Structures are given as structure tokens and as C-alpha cells.
Amino acid sequence: MGRVLRDPPGRRIPRRPTRSVLLGMTSGLLVLGVALSACGGGGGGFEPTPVPTPAPTPVPGPLYTDVAPLRDAAAQAGRLVGAAVTSSGLASDATYAGAAGRHFNYLTAEWEMKWDPIQKSPGVFDFSGGDRIVEFAESRGMRVKGHALVWHGATPKWVEALSPPELRIAFEDHIRTVAGHYRRRVYAWDVVNEAIDDSQPGLRSTVFSRGLGPDYVAEAFRLARKADPEAELVYNDYGGEGLNRKSNDVYALVKDLKQRGLVDGVGLQMHISAASLPAVADIQANIQRLADLGLQVNISEMDVRVKDVAGDAATKLARQRQVYRDVVAACVAVPRCEAITLWGFTDAHSWIDSTFGADDPLLFDEQYRAKPAFFGVEDAFLRR
Ligand code: XIL
């Protein structure tokens, strides 16, 4: 417990007790149970109380330093492998920075390049967190994906209070300034994030769609292109990984933007549960149809929850390995699927815990040991 790495206010996630601590507690209780029952507890002679057999604990994997860099396997497949990171983690935790630096060749700011942290007050820009991530990446020959210029989920309160004409000015100014600041330093930008509605066709109602009208998406791409003509411009969303209404809407949106020369890529977030993911064949078919439009495809925020998988810990982790392998293999099968980014890399720090409940969704455990999932991703890159 104790150390926190999360940057956004109100989202600090303390380290959870480690599995070995929990295991230690469990075995301590079992010993106590055996000892108490051996004492007899009441003069009636020795009657052993049945002690539940603990589920087998998976054998811990090798430390992150003892497995081959994942980015080497990715490079063999001609892919980028990325992770979302925080600048405070990179600065304050040598193990976190070491694992990020060893295994990935593409970094995304988990929080620090969004509108809220970067322009908390009107006209006051704070690039410090994002810059530190870019510097870390540049010093290690890694690329950076900017995330995200326009996202209703990280828009400061002051933006929501603007009149439509004021909003237009702020919108243009934000995109120009932020994309301009990172020009030539980011490989790609998530320009618009999560614009498609979950339950009805078309755009989600947000401060941007209400204040600027539906063409705000195209407008954001136009502004980003002007501010950073070399960056790959990406539309990013969740829930449209397989074939369904939402992925059809994403497809229609990016097809239109591509025809107008505005978009270069699509991000499929891939926050999934191993207990209920879309059919992998559908994920691959979806990647393929987007690639057929001439777009680059990223798996942009992958994590795989296992809480709801039936069975013991080893079963959950084996299933998670399979899911990671199959999804990454679906990307590797399509030449234009250029990058797989994970939303974090160690189970010690994941947004999943505070959003979906405690889970172990990533490639390394809380002690930075490679989980079966790590080897699933490696297998997919090495086409095993
Ligand atoms: C999440 C981060 O992980 C959190 O730390 C932050 O507080 C909120 O945003 N889809 C996205 C990401 O596009 O930006 C979100 O990241 C997760 C869902």
C-alpha cells in the first residue's frame, strides 16, 4: 500500500495488497484454523474441523527484466507495441520506468495530454506532464501517440459553460495550440475520442455536438491537420471492436472522413472482459474492413478483465493469455493494423480497478512479473 502513481485529481489509486501478502494472510488463517481445531475448543475430544483447500495459486512468472523485450517481438511482426503511462510513474518509480522502457516502443499519455489537465483554465496551457512523457520516449527511441484533442470525458467545466460562439473559439484555439505544441514530436493523434453514441445511431450528445453541431468531428480533424500536417490523425472509440451497430457507425463516420481526406487511422480501444468479448473473427473482420478503406488501425487501449471468468486464478490467467493472443493475432493478420497499445502494463496501476472493480487486466502482475498474458501477446507477434 502507500505509493500512488495516478495523476488526475480524485483518481489516485493506492497500491493494492500484493498477492503474496494476501496469500500470506490466507495461509496464516489456515494455520490458525488448524491450531484452533487441534485444541478441541470445548472438552469434547479431538474432532478435526474440515479446512477448505485453497485454490492452487499460479506460479509467479519471471520478472520483467528476465523476459525478452516485447517490443522486439512486435518489431518482428512489423508492429508497434505501446502502453499508456503517467509522467509521475516514469519519474518516481524506477521499476515502472524500467518496465515501460524495456518492453514498449510507443507511449500514450494516460491522462496528461487531455484537455482538462492541459488547459484547466481558459488560455492557460500546462504541457509539463505531456512533455515529460515525450522526453522519456524520445530519449529511448520510442514513438508517442497524442491522446486526445477532443473528448467529452476530459473537458474542463469552463468549456461546458461557454456559449456556442465562445465554444467555437475555444475549440479552435485548443486544437491549434496543443497539436501545434507537439508538432513533429507525436507520431499520431487521437483527434476525436468516443463521439459515437452507445445506444442509438449517430453521434453522442456532448458539449461539442450540442454547441458546434455534428460537423464538429470533421472540423476537429481539419484543425489538427493544419496544426500538425505530418501526424497520423486517428478517430478513437470503444464498443465497436467486433461487428455491431456501434462499429457500423464508426465505420460510416471514418469512411466519410477518409473520403474527405481528413482521417488516417482508427483506434479500437479494446477494453474487454475475457468472460464476454466479441467473437475474434468479428474483430478481425472489422479491422479488415477499416483497413480496406485505406486506414491504419490501432488496437489503442487494450486491457482484459478476468474477474468474471469462472474458475480459479490459474484458469482466469490462462483464459486471459488466450484472449490477448487471439486479439493481437487478429491485428497481426491485417497489414494495416500497425499498433497495439495497452492501457497500462502492470496490474499495480490500472484504471480498471476504480471503474469496473478490482481486477488484473494487464501483462505484468503487481510485482512486475510477466503474466501468462505477456506470453500470449509475444506468441501472437511471433505468429505462434
Ligand atoms: C482514463 C484513464 O485511464 C484514467 O486515468 C482517467 O482518469 C480517465 O480516463 N477511454 C479513453 C481513455 O479513451 O482516455 C480513458 O482513460 C479510458 C477509457
Worksheet item: Among the candidates P14, P56, which residue alone is within 16 Å of the ligand (Cβ to nearest atom) and at pLDDT below 75?
Response: P14
Discussion item. Which numbered condition in (1) touching a helix residue (DSSP H, G or I) at 6+ places or on another chain (Cβ under 6 Å); (2) away from the ligand (no atom under 16 Å from the Cβ) is the only one that Y235 fails?
Written reply: (2)
Discussion item. With the requirement that a residue be open to solvent by less than 40 Å² (accessible area, probe 1.4 Å) and of a type in the set (F, W, Y), what does segment 232-246 give you?
Written reply: Y235
Discussion item. Taking the conditions exactly as written (out of contact with any helix residue (DSSP H, G or I) (no Cβ under 7 Å at 6 or more places or on another chain) and aliphatic (A, V, I, L, M)), does A285 satisfy them or not?
Written reply: yes
Discussion item. Based on this model, can you work out whether L223 counts as more than 16 Å from the ligand (Cβ to nearest atom), in contact (Cβ under 8 Å) with a residue 24 or more places away in the chain and in contact with a Lys or Arg (Cβ under 8 Å, 6 or more places away or on another chain)?
Written reply: yes
Worksheet item: Given F127, F136, which one is aromatic (F, W, Y), more than 16 Å from the ligand (Cβ to nearest atom), over 30 Å from E366 (Cβ atoms) and open to solvent by less than 40 Å² (accessible area, probe 1.4 Å)?
Response: F127
Item to complete: State whether one or more residues within segment 163-185 are open to solvent by 60 Å² or more (accessible area, probe 1.4 Å) and at positive phi.
Response: yes
Worksheet item: Out of the residues in segment 267-277 that are more than 18 Å from C337 (Cα to Cα) and not in a strand (DSSP E or B), which is most open to solvent (accessible area, probe 1.4 Å)?
Response: S276
Discussion item. Consider segment 150-164. How many of its residues are part of a helix (DSSP H, G or I) and away from the ligand (no atom under 16 Å from the Cβ)?
Written reply: 4
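So that you can scan it fast, the table gives a plain yes or no per residue for (1) over 17 Å from the mean Cα position of the chain (by Cα); (2) under 20 Å from Y238 (Cα atoms):
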residue	(1), (2)
L277	no, yes
A358	no, no
E378	yes, no
R384	yes, no
Worksheet item: Hey, does segment 195-216 have a residue that's in contact with a Lys or Arg (Cβ under 9 Å, 6 or more places away or on another chain), surrounded by 19 or more Cβ atoms within 10 Å (Cβ to Cβ) and within 26 Å of R305 (Cα to Cα)?
Response: yes
Discussion item. With the structure loaded, tell me whether T95 is on the phi < 0 side of the Ramachandran plot, surrounded by 14 or more Cβ atoms within 10 Å (Cβ to Cβ), within 16 Å of the ligand (Cβ to nearest atom) and polar (S, T, N, Q) or whether it fails that test.
Written reply: no
Worksheet item: Are there any pairs with C-beta distances below 6 angstrom linking a residue in segment 200-211 that is at negative phi and of a type in the set (V, I, T) to a residue that is assigned to a helix (DSSP H, G or I) and open to solvent by 80 Å² or more (accessible area, probe 1.4 Å), with the two at least 6 apart or on different chains, and if so which?
Response: V207/E160
Item to complete: Identify, from the list D249, D282, D264, the residue that is within 17 Å of L80 (Cβ to Cβ), charged (D, E, K, R) and surrounded by 16 or more Cβ atoms within 10 Å (Cβ to Cβ).
Response: D264
Worksheet item: Can you tell me how many residues in segment 292-316 are over 20 Å from the mean Cα position of the chain (by Cα) and open to solvent by less than 10 Å² (accessible area, probe 1.4 Å)?
Response: 1
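Listed here are the residues, each with its yes/no results for (1) free of Cβ contacts under 8 Å to residues at least 40 places away in the same chain; (2) in contact with a helix residue (DSSP H, G or I) (Cβ under 7 Å, 6 or more places away or on another chain); (3) within 16 Å of the ligand (Cβ to nearest atom).
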| site | (1), (2), (3) |
| --- | --- |
| A274 | no, yes, no |
| S300 | no, no, yes |
| G311 | yes, no, no |
| A329 | no, yes, no |
| V334 | no, yes, no |
| F345 | no, yes, yes |
| A370 | no, yes, no |
| R384 | yes, no, no |
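The values are calculated or read from the model by the stated rules, or taken from the named source; none is laboratory data. Nothing here was measured: the structure is a model prediction, and the numbers come from that model. Reconstructed Cβ throughout: ideal geometry from the backbone, glycine too, with neighbour counts over all protein chains shown. The accessibility values were calculated without ligands, DNA or RNA, using every heavy atom of the protein model including side chains. Shrake-Rupley method; radii C 1.70, N 1.55, O 1.52, S 1.80 Å.
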